[in-house]
Amino acid sequence: MPMKEFPGGSRVSYEIAEPWGSNFQIGPDVIVECHRLSLGNNVKIGMPDEETAFRHPGGVRIHAEELVLGDGVQIDRHTLIHGGHFIIGCGVHIGPENTFRVNKQLRIGANATINEQCEISGVDIVIGRQFRMLAQAKIGGGSAFEVHSRFRVGNWCHVGMRCMLNTARPITIGDEVGLGTSTCLYTHGAYASALDGKPVGFGPISIGDRTWIPGAIVNPSVSIGRDCVIGVGSVVSRNIPDGSLAAGVPAKIIRENAYPRPLTGSQRFEFWLDFLRVFSEICSERWQVSHFSSAGSDVILMLGGTLVGYAAMLDSEHIGEWGKHAEAVALTDQLAVSAADVAPHITVIDPVAKRIIGSVTPISEKLIDQLRRYGIRFDYEAEDGLYVPWSQD
């Protein structure tokens with residue numbers, strides 16, 4: 001088996017390797033052993049120069065059938081990865097003190113973040129893009145290495161601190177699902193003897209797109225639909241239909257067809273007025289706020305030399321006026337001109353059509369990140385200074 005040695009007692013061994021990307025960095029006491037190896041550009045494994053590295057003196061151990069690390073992947077110190085095929089997308093950050101034991105495959109989509117002291121264990125695990133897993137959360141648990149174990153989660157999923165997602169049976173989670181602190185999904189519930197009539201249950205769990213579970217327990221064989229909200233502290237033991245608000249022990253449906261609940265025109269304007277006011281306060285530490293006003297259905301904010309605004313309908317008149325500024329970032333519910341009519345120095349963010357047109361700037365990135373905190377997300381990424389839709393790979 002070919003092997004490359006590095007300072008600090010580190011080594012990388014493999015049988016089949018594709019050409020390595022540029023700027024590969026490896027820290028001390030890192031051992032990588034795999035059958036097939038593929039490394040993208042700017043990959044970092046176990047580097048000791050991270051801000052918190054002094055807290056995690058241990059190295060990294062990776063033993064895998066296949067290890068594919070995309071561009072910009074970072075694996076921090078004191079981490080163990082063991083098992084079958086590990087396909088880690090571009091820009092993924094795996095924090096310190098993590099343990100991954102997956103028998104068949106673990107696929108993690110681009111720009112995911114796994115915080116410290118997490119565990120991912122099982123047989124067959126596929127995780128979407130922009131995944132966030134906070135400290136001390138766990139995927140796996142009892143029976144996670146048996147034949148029925150399977151975990152699928154879509155894009156933009158959030159798993160809060162100390163969550164427990166048990167995969168004795170399949171768990172299927174859609175896009176934009178949030179699981180808050182200490183949420184537990186149990187696909188098996190058993191301890192005392194079934195022959196004594198004690199409760200024993202095994203069954204899959206599914207959660208639909210855009211559902212928010214800020215801190216609850218979900219029992220085996222439960223399906224929760226799309227656009228649901230489950231109250232904090234609830235115990236969900238039966239199926240919850242799409243759009244429901246449910247809470248309690250056991251959880252009961254408080255209101256059906258509660259979500260989504262589109263805002264009226266005036267409500268949308270009030271939302272954007274408040275949002276941009278708060279945004280201006282957040283940005284004031286970095287950029288000078290020289291103007292904030294509202295007129296009709298428009299809100300205007302000046303940050304340094306950049307105009308940031310909201311218009312219910314962004315038409316040619318707006319585009320012409322806003323184009324007079326060196327930079328402009330526009331929020332709109334309706335873009336009434338073609339994308340070709342938008343000048344390169346104007347960035348248009350359309351939350352209705354879920355699209356972004358134009359250039360990447362520090363202020364547009366700050367605005368998009370703040371929108372994410374309000375649950376408004378866009379499947380776009382920066383490429384050569386412009387926003388482009390996510391690739392389908």
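The values are calculated or read from the model by the stated rules, or taken from the named source; none is laboratory data. Treat the numbers as computed from the prediction; the structure is a model and nothing was measured. Note that we place each Cβ from the backbone using ideal geometry, even for glycine, and neighbour counts take in every protein chain shown.
Which one of Ile282, Ile213 is under 20 Å from Asp175 (Cβ atoms) and aliphatic (A, V, I, L, M)? Break it down stepwise before answering.
Values: Ile282 fails: under 20 Å from Asp175 (Cβ atoms).
Answer to the check: Ile213.
Of everything in the range 32-49, what is surrounded by 17 or more Cβ atoms within 10 Å (Cβ to Cβ) and either more than 21 Å from Ala110 (Cβ to Cβ) or without any contact (Cβ under 8 Å) to a residue 40 or more places away in the chain (or both)? Give them in sequence order.
First, pick out the residues of the range 32-49 that are surrounded by 17 or more Cβ atoms within 10 Å (Cβ to Cβ): 32-34, 37-40, 42-47.
Those that are surrounded by 17 or more Cβ atoms within 10 Å (Cβ to Cβ) and either more than 21 Å from Ala110 (Cβ to Cβ) or without any contact (Cβ under 8 Å) to a residue 40 or more places away in the chain (or both): Val32, Glu33, Cys34, Leu37, Ser38, Leu39, Asn42, Val43, Lys44, Ile45, Gly46, Met47.
Do we have Arg129 as surrounded by fewer than 24 Cβ atoms within 10 Å (Cβ to Cβ) and on the phi < 0 side of the Ramachandran plot here?
Numbers: surrounded by fewer than 24 Cβ atoms within 10 Å (Cβ to Cβ): yes; on the phi < 0 side of the Ramachandran plot: yes.
It is true that Arg129 is surrounded by fewer than 24 Cβ atoms within 10 Å (Cβ to Cβ) and on the phi < 0 side of the Ramachandran plot.
Across the range 294-310, what is the total count of residues that are polar (S, T, N, Q), part of a strand (DSSP E or B) and under 13 Å from Phe269 (Cα atoms)? Steps first, answer last, please.
Taking the range 294-310 and keeping what is polar (S, T, N, Q), we get 294, 297, 306.
Filter once more, keeping what is part of a strand (DSSP E or B): 294, 306.
Subset that is under 13 Å from Phe269 (Cα atoms): 294.
So the answer is 1.
Given the criteria of a type outside the set (S, T, N, Q) and either touching a residue at least 24 places away in the same chain (Cβ under 8 Å) or loosely packed, with under 14 Cβ neighbours inside 10 Å (or both), does Ile300 qualify?
Spelling it out, it is not the case that Ile300 is of a type outside the set (S, T, N, Q) and either touching a residue at least 24 places away in the same chain (Cβ under 8 Å) or loosely packed, with under 14 Cβ neighbours inside 10 Å (or both).
Among the residues of the range 144-161, are any modelled with pLDDT of 95 or more, outside any loop (DSSP other than H, G, I, E, B) and within 19 Å of Glu116 (Cα to Cα)?
Within the range 144-161, one or more residues are modelled with pLDDT of 95 or more, outside any loop (DSSP other than H, G, I, E, B) and within 19 Å of Glu116 (Cα to Cα).
What pairs come out if I take residues in the range 279-290 that are under 14 Å from Gln370 (Cα atoms) and pair them with residues that are assigned to a loop (DSSP other than H, G, I, E, B) whose C-beta lies under 7 Å away, six or more apart or interchain?
none
Check every one of the strands (runs of 3 or more DSSP E) wholly within the range 1-74 and list those with 1 or more residues that are of a type in the set (S, T, N, Q). Spell out the reasoning first.
Details: elements: 3-6, 10-17, 30-39, 60-69.
Hits in the range 1-74: 10-17, 30-39.
Residues of the range 237-251 being surrounded by fewer than 20 Cβ atoms within 10 Å (Cβ to Cβ) and either assigned by TED's automatic domain parsing to the domain that holds Gly296 or under 24 Å from the mean Cα position of the chain (by Cα) (or both), which ones?
Asp242, Leu245
Out of the residues in the range 315-360 that are farther than 18 Å from Trp390 by Cα, in contact (Cβ under 8 Å) with a residue 24 or more places away in the chain and surrounded by fewer than 17 Cβ atoms within 10 Å (Cβ to Cβ), which is nearest to the chain's Cα centre (by Cα)?
The extreme case among them is Ala343.
Is it true that Arg55 is in the same structural domain as Leu134 (by TED's automatic domain parsing) and modelled with pLDDT under 95?
Working: in the same structural domain as Leu134 (by TED's automatic domain parsing): yes; modelled with pLDDT under 95: yes.
Yes, satisfied.
Give me a count of the residues in the range 109-134 that are under 20 Å from Arg372 (Cα atoms) and among the hydrophobic types (A, V, I, L, M, F, W, C).
Step one: list which residues in the range 109-134 are under 20 Å from Arg372 (Cα atoms), which gives 109-115, 127-134.
From the residues that got through so far, the ones that are among the hydrophobic types (A, V, I, L, M, F, W, C) too are 110, 112, 114, 127, 131, 133-134.
Number of matching residues: 7.
Among the residues of the range 278-291, is there at least one that is in contact with a Ser or Thr (Cβ under 8 Å, 6 or more places away or on another chain), of a type in the set (S, T, N, Q) and assigned to a strand (DSSP E or B)? Explain how you work it out, then say what you get.
At the first step, the residues of the range 278-291 found to be in contact with a Ser or Thr (Cβ under 8 Å, 6 or more places away or on another chain) are 287, 289.
Next cut, of a type in the set (S, T, N, Q) only: none.
No: zero hits.
Among (1) in a strand (DSSP E or B); (2) in contact (Cβ under 8 Å) with a residue 24 or more places away in the chain; (3) in contact with a His (Cβ under 9 Å, 6 or more places away or on another chain); (4) crowded, with 23+ Cβ neighbours inside 10 Å, there is one condition Gly122 misses while meeting the rest; what is its number?
Tallying (1) in a strand (DSSP E or B); (2) in contact (Cβ under 8 Å) with a residue 24 or more places away in the chain; (3) in contact with a His (Cβ under 9 Å, 6 or more places away or on another chain); (4) crowded, with 23+ Cβ neighbours inside 10 Å, Gly122 fails exactly one: (3).
Report the residue count in the range 189-222 for those that are under 15 Å from Glu256 (Cβ atoms) and either β-branched (Val, Ile, Thr) or surrounded by fewer than 17 Cβ atoms within 10 Å (Cβ to Cβ) (or both).
So in the range 189-222, the residues under 15 Å from Glu256 (Cβ atoms) come out as 208, 211.
The next check asks that each one be either β-branched (Val, Ile, Thr) or surrounded by fewer than 17 Cβ atoms within 10 Å (Cβ to Cβ) (or both); those that pass are 211.
Total meeting the criteria: 1.
Quick one: is Gln117 under 23 Å from Ile376 (Cα atoms) and either in a strand (DSSP E or B) or not charged (D, E, K, R) (or both)? Quick ask: steps written out before the conclusion?
Numbers: under 23 Å from Ile376 (Cα atoms): no; either in a strand (DSSP E or B) or not charged (D, E, K, R) (or both): yes.
Against the criterion (under 23 Å from Ile376 (Cα atoms) and either in a strand (DSSP E or B) or not charged (D, E, K, R) (or both)), Gln117 does not qualify.
Which numbered condition in (1) closer than 25 Å to Cys118 by Cα; (2) without any contact (Cβ under 8 Å) to a residue 24 or more places away in the chain; (3) surrounded by fewer than 17 Cβ atoms within 10 Å (Cβ to Cβ) is the only one that Ser234 fails?
Answer for Ser234: the failing condition is (3).
Which ones in the range 313-371 are in a strand (DSSP E or B) and charged (D, E, K, R)?
Step one: of the range 313-371, the residues in a strand (DSSP E or B) are 314, 327-332, 335, 346-350, 355-357, 359.
Residues satisfying the conditions are Glu327, Asp350, Arg355.
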